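K.L.:
Can you keep this structure in mind? I'll have questions shortly.
The values are calculated or read from the model by the stated rules, or taken from the named source; none is laboratory data. Nothing here was measured: the structure is a model prediction, and the numbers come from that model. In this analysis, Cβ positions are derived from the backbone assuming ideal geometry, glycine residues included, and neighbour counts consider all displayed protein chains.
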Amino acid sequence: MQKSCKKIIILVSMIFLTFIIAACANNAQDDQGAGNEQEGKDGLKIAIVTSPSGVDDKSFNQNNYEGILAFIEEHPNATVKAVREPTGDPAASVQAVADIVADYDVIVTPGFQFAGISQLAVENPDKKFILVDSEPAPVGDQTEFDNVYAMNFAEQESGFFAGVAAALESKTKKVAVVNGIAYPSNVNYQFGFESGVNYANKHLGTNVEIIELPGYSGTDVNGNDVGGNYVGTFSDPATGKTLGNMLIDQGVDIIFSAAGGSGSGVITAAKEAKGDIKIIGVDVDQYDEGQVGDKNVILTSAVKVMDLNVKRQLEAIVNGTFKGGNVVLYADTDSTGYVKKEGRHQLSEDTLAKLEEVYQLVKEKKIVPASNFNGHTPENFPGL
């Protein structure tokens, strides 16, 4: 009888212990689930630090910001803080990031002045950085970083499309490009534009001249004279307008304005001109900036698709597929191009058809326009 009681007690104890273990296991699963749900509710904390023109510049910075907003539209628990660094100085720009890095999951930094965030990336391996239009500065021998996605664009491709469009649409047979400073990205636009005009002259039946003003040629980062029409800064609309007027006086009727804030002066020159002058915008769709009365001076815009690529990287962070590295984005990822949306350009149907043909050739690498450092020139490049 005593043995039977002991067996019953042991059996009851085992059942009770099994119940307790199962209950604890269920509680542990519930806690983990609640934790994941809470993490989802918190959302991704994003900051964007920009140059003095801020996120409402209707251009470069704003396009990056719009990529963040598009991400937040699909992930409404995510948040964004926009920080405007007022000087544009590289050291001050990196310090502006350092001041807030502890408070955010990911920081978007559009512009070459943020190259120095690489040191912050090393010091904050749990933070993600999206660097646009620059590679990170080396830290010792390290040039790529697991938590920095640095994207550059093949501006020469977008410039090429601008050159083809200008050559096909020009009535005076004189076109030009105005640039800001001869940084690699700006020279890429210039060389791409010149490549496009030369291609159209050789293959598309045009006979168009590229006009360069004496005394305004650019000097690239290696000290080479690259020609062109350079304002010397991205923030001088008055000089931009002066160059625009000088080119118009030379008979130019289409100008590719790749000069940042200085380019707004070029647009103003076109608006005030008596003849039918057209501007090709840069980086983003600038059609709204071209409106004057009942007409618009923007022919189309040569774009690099920053918003889409910023959004892609934010999605990668959320999905756990983010991978740091230094990349150059081309037409084959829909990252370069020109504005062809109805109501946002003034290109003829014939020009649109020819642009689509050359776009596919560029996408397939059958045409490789010249850039600052790819070893080609506007007079000699693959596909010409």
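K.L.:
Ser134 is checked against (1) surrounded by fewer than 19 Cβ atoms within 10 Å (Cβ to Cβ); (2) part of a loop (DSSP other than H, G, I, E, B) and fails just one. What number does that condition carry?
P.N.:
It is condition (1) that Ser134 fails.
K.L.:
Right, here's the next one. So which pairs qualify, if the first residue must be in the range 204-221 and closer than 13 Å to Ala176 by Cβ, the second must be among the polar types (S, T, N, Q) and in a loop (DSSP other than H, G, I, E, B), the Cβ gap must be under 6 Å, and the two must be at least 6 apart or on different chains?
P.N.:
Listed by first residue and then by second, the contacts come to Val208/Ser170; Ile211/Gln250.
K.L.:
Among residues belonging to the range 229-247 that are of a type in the set (Gly, Ala, Ser) and either without any contact (Cβ under 8 Å) to a residue 24 or more places away in the chain or surrounded by fewer than 20 Cβ atoms within 10 Å (Cβ to Cβ) (or both), point out the one that is nearest to Ala182 (Cα to Cα).
P.N.:
Gly232
K.L.:
Quick test of your reading of the structure: Ile46 fulfils all but one of (1) surrounded by fewer than 15 Cβ atoms within 10 Å (Cβ to Cβ); (2) modelled with pLDDT of 95 or more. Name the failing condition by number.
P.N.:
(1)
K.L.:
Here's something else I'd like to know. Among the residues of the range 104-123, which ones are without any contact (Cβ under 8 Å) to a residue 60 or more places away in the chain and more than 22 Å from Arg312 (Cα to Cα)?
P.N.:
Result: Gly116, Gln119, Leu120, Val122, Glu123.
K.L.:
Taking the options Ser195, Ser158, Ser170, Ser185, name whichever one is within 22 Å of the chain's Cα centre (by Cα), more than 23 Å from Ser59 (Cα to Cα), surrounded by 17 or more Cβ atoms within 10 Å (Cβ to Cβ) and of a type outside the set (Asp, Glu). Talk me through it step by step, then tell me what you get.
P.N.:
On the way: Ser158 fails: more than 23 Å from Ser59 (Cα to Cα); Ser170 fails: within 22 Å of the chain's Cα centre (by Cα); Ser185 fails: more than 23 Å from Ser59 (Cα to Cα).
Of the residues listed, the single one that is within 22 Å of the chain's Cα centre (by Cα), more than 23 Å from Ser59 (Cα to Cα), surrounded by 17 or more Cβ atoms within 10 Å (Cβ to Cβ) and of a type outside the set (Asp, Glu) is Ser195.
K.L.:
Something else about it: Name every residue in the range 139-156 that is closer than 15 Å to Val327 by Cα, of a type outside the set (A, V, I, L, M) and part of a loop (DSSP other than H, G, I, E, B), in order of residue number. Show your work before the answer.
P.N.:
Let us first name the residues in the range 139-156 that are closer than 15 Å to Val327 by Cα, namely 143-155.
Subset that is of a type outside the set (A, V, I, L, M): 143-147, 149, 152-153, 155.
Within the range 139-156, Thr143, Glu144, Phe145, Asp146, Asn147 qualify.
K.L.:
Of all residues in the range 89-124 being hydroxyl-bearing (Ser, Thr, Tyr) and within 14 Å of Phe145 (Cβ to Cβ), which is surrounded by the most Cβ atoms within 10 Å (Cβ to Cβ)?
P.N.:
Here is the first cut: in the range 89-124, the ones hydroxyl-bearing (Ser, Thr, Tyr) are 93, 104, 109, 118.
Now drop any that are not within 14 Å of Phe145 (Cβ to Cβ), which leaves 109, 118.
Details: Thr109: 32, Ser118: 24.
Ranking the qualifying residues of the range 89-124, first place goes to Thr109.
K.L.:
Hey, another quick one. With Pro76, Pro86 as the choices, which residue is surrounded by fewer than 17 Cβ atoms within 10 Å (Cβ to Cβ) and modelled with pLDDT under 95? Break it down stepwise before answering.
P.N.:
Working: Pro76 fails: modelled with pLDDT under 95.
Only one candidate qualifies: Pro86.
K.L.:
Please specify each residue of the range 202-225 satisfying the condition of being outside any loop (DSSP other than H, G, I, E, B) and crowded, with 19+ Cβ neighbours inside 10 Å. Steps first, please.
P.N.:
If we filter the range 202-225 for residues that are outside any loop (DSSP other than H, G, I, E, B), which is where we start, we get 202-203, 209-210, 218-219, 225.
Residues satisfying the conditions are Ile210, Gly218.
K.L.:
Kindly provide the set of residues from the range 281-302 that are surrounded by 24 or more Cβ atoms within 10 Å (Cβ to Cβ), in contact (Cβ under 8 Å) with a residue 40 or more places away in the chain, of a type outside the set (Ser, Thr, Tyr) and in contact with a Gly (Cβ under 9 Å, 6 or more places away or on another chain), ordered by number.
P.N.:
Gly281, Val282, Asp283, Gln286, Leu299, Ala302 - these are the residues of the range 281-302 that are surrounded by 24 or more Cβ atoms within 10 Å (Cβ to Cβ), in contact (Cβ under 8 Å) with a residue 40 or more places away in the chain, of a type outside the set (Ser, Thr, Tyr) and in contact with a Gly (Cβ under 9 Å, 6 or more places away or on another chain).
K.L.:
Continuing with the same structure: Quick test for you: out of Gly265, Gly261, Gly281, pick the one residue that is modelled with pLDDT under 95 and either over 22 Å from the mean Cα position of the chain (by Cα) or not aromatic (Phe, Trp, Tyr) (or both).
P.N.:
Going through Gly265, Gly261, Gly281 in turn, the sole match is Gly261.
K.L.:
Could you list, ordered by first residue, the pairs with Cβ atoms under 7 Å in which the first is in the range 362-379 and charged (D, E, K, R) and the second is part of a loop (DSSP other than H, G, I, E, B), at least 6 apart or interchain?
P.N.:
Lys366/Gly383
K.L.:
Something else about it: Which one is farthest from Thr300 (Cα to Cα) among residues in the range 260-277 that are touching a residue at least 40 places away in the same chain (Cβ under 8 Å) and buried (at least 24 other Cβ atoms within 10 Å of the Cβ)?
P.N.:
Taking the range 260-277 and keeping what is touching a residue at least 40 places away in the same chain (Cβ under 8 Å), we get 260-263, 266, 276.
Next, only the ones that are buried (at least 24 other Cβ atoms within 10 Å of the Cβ) stay: 260, 262-263, 266.
Working: Gly260: 16, Ser262: 18, Gly263: 14, Val266: 15 Å.
This residue is Ser262.
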